[in-house]
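Written below as structure tokens is the structure these notes are about.
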Amino acid sequence: MVSDPYREEEVADGVWLISGSHDWGAGVNAVVIVSGRRAVVVDDLYRPGDARRMFRRIQRWGVEPEALVNTHWHTDHTIGNCLFACPIWAHVTGPKYLQQYWPKWVGGPRDPRAGGLRLKLPDRLFARRASLELDGTEIQLLHVPGHTSDSIGVFLPDRRIFIAGDTVMDLPFVIFGDSLEEIRSLRRIQGLRPRMILQGHGPPCRGSRLAGDIRYLRRIRAQARVARRTGISREKFVETPLEDVLPPARYRALPKGYGAAHRGNLGKVWDELGRSR
Ligand SMILES: [Zn+2]
């Protein structure tokens, strides 16, 4: 029997990391920031049952969600939007992608993937940055594209915690986005000097991890450039093993399933370089 992957952990005072299950081994995360009787929720998981469970949990705490943030349009971060009556924050381009992909990836409320939940679009939109306030404490929303063009991160400056969505994952994943934008965004997050980063999938990590993420992306971009110059085919290039581009310790620590993400990244950087010529 598979153990229940749903988890709630208070990773800092009033900052709850909620993890739910995913088809993919690393699970998926949401974050609830609580102060007094108010809360800001970041993302709302993938399985309808997990989203409902998180929502009920917030109700049992007796706190009122006053804002929900969608870090990006991917439906494994937005399935529970319709449970929340509060404003939903997102990048200005997020709703158009959600509207386009929800019917394909989730379907109508009767679809088993939707589990009775329906599409609810974000209604508080911004382009570069926005600022929320929770009980007198500032919460910054920053556009950090790369994983997707609409990706945003949530920074808690008083605690130096960065809630990254999928801009930070155990391995950068740019197939839906752009590798150069991702490098720029990772540098921007480094500049915030976060003490803790809460990733969209996988456990919390430190800011020092980002240097290795940037090196990985730079390396596969450089390798794609050489491969194109020397006549290696795209089909052959995307088979470049992950262990060839990551330090051994980092490679060994990666959960299974990232091989496919790596192949997707290789194909993406290959295509990006073709476009820029
Ligand atoms: Zn994503």
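For this structure, a couple of remarks:
- Check on Glu235, modelled with pLDDT of 95 or more and either more than 17 Å from the chain's Cα centre (by Cα) or basic (Lys, Arg) (or both): yes
- Total residues in segment 149-166 satisfying the condition of being in contact with a helix residue (DSSP H, G or I) (Cβ under 9 Å, 6 or more places away or on another chain) and within 14 Å of the ligand (Cβ to nearest atom): the figure is 6.
- Top-ranked residue of segment 163-188 - restricted to ones that are of a type in the set (Asp, Glu) and not in a helix (DSSP H, G or I), ranked as nearest to the chain's Cα centre (by Cα): Asp166
- Qualifying residue in segment 203-211 (condition: surrounded by fewer than 18 Cβ atoms within 10 Å (Cβ to Cβ) and either of a type in the set (Val, Ile, Thr) or within 20 Å of Ser149 (Cα to Cα) (or both)): no
- Among (1) without any contact (Cβ under 8 Å) to a residue 60 or more places away in the chain; (2) under 28 Å from Tyr216 (Cα atoms); (3) of a type outside the set (A, V, I, L, M, F, W, C), the one test that Thr148 misses: (1)
- Set side by side, the residues Met169, Met196 differ, and just one is surrounded by 17 or more Cβ atoms within 10 Å (Cβ to Cβ), modelled with pLDDT of 95 or more and within 14 Å of the ligand (Cβ to nearest atom), which is Met169.
- Residue list for segment 9-41, filter: surrounded by 21 or more Cβ atoms within 10 Å (Cβ to Cβ), free of Cβ contacts under 8 Å to residues at least 40 places away in the same chain and closer than 18 Å to Met169 by Cβ: Ile18, Ser19, Gly20
- Tally of residues being within 23 Å of Trp16 (Cβ to Cβ), without any contact (Cβ under 8 Å) to a residue 60 or more places away in the chain, within 16 Å of the ligand (Cβ to nearest atom) and of a type outside the set (Gly, Ala, Ser) across segment 71-111: 5
- With respect to the conditions (1) under 19 Å from Gln140 (Cα atoms); (2) surrounded by 24 or more Cβ atoms within 10 Å (Cβ to Cβ), Leu45 lacks only one, and its number is (1).
- Any hit, segment 233-252, residues being of a type outside the set (Ser, Thr, Tyr), buried (at least 18 other Cβ atoms within 10 Å of the Cβ), within 16 Å of the ligand (Cβ to nearest atom) and part of a loop (DSSP other than H, G, I, E, B): no
The values are calculated or read from the model by the stated rules, or taken from the named source; none is laboratory data. Note that the structure is a prediction, hence the values are computed from the model and not measured. Methodologically, a virtual Cβ is constructed for each residue, glycine included, from the backbone with ideal geometry; neighbour enumeration extends over all protein chains shown.
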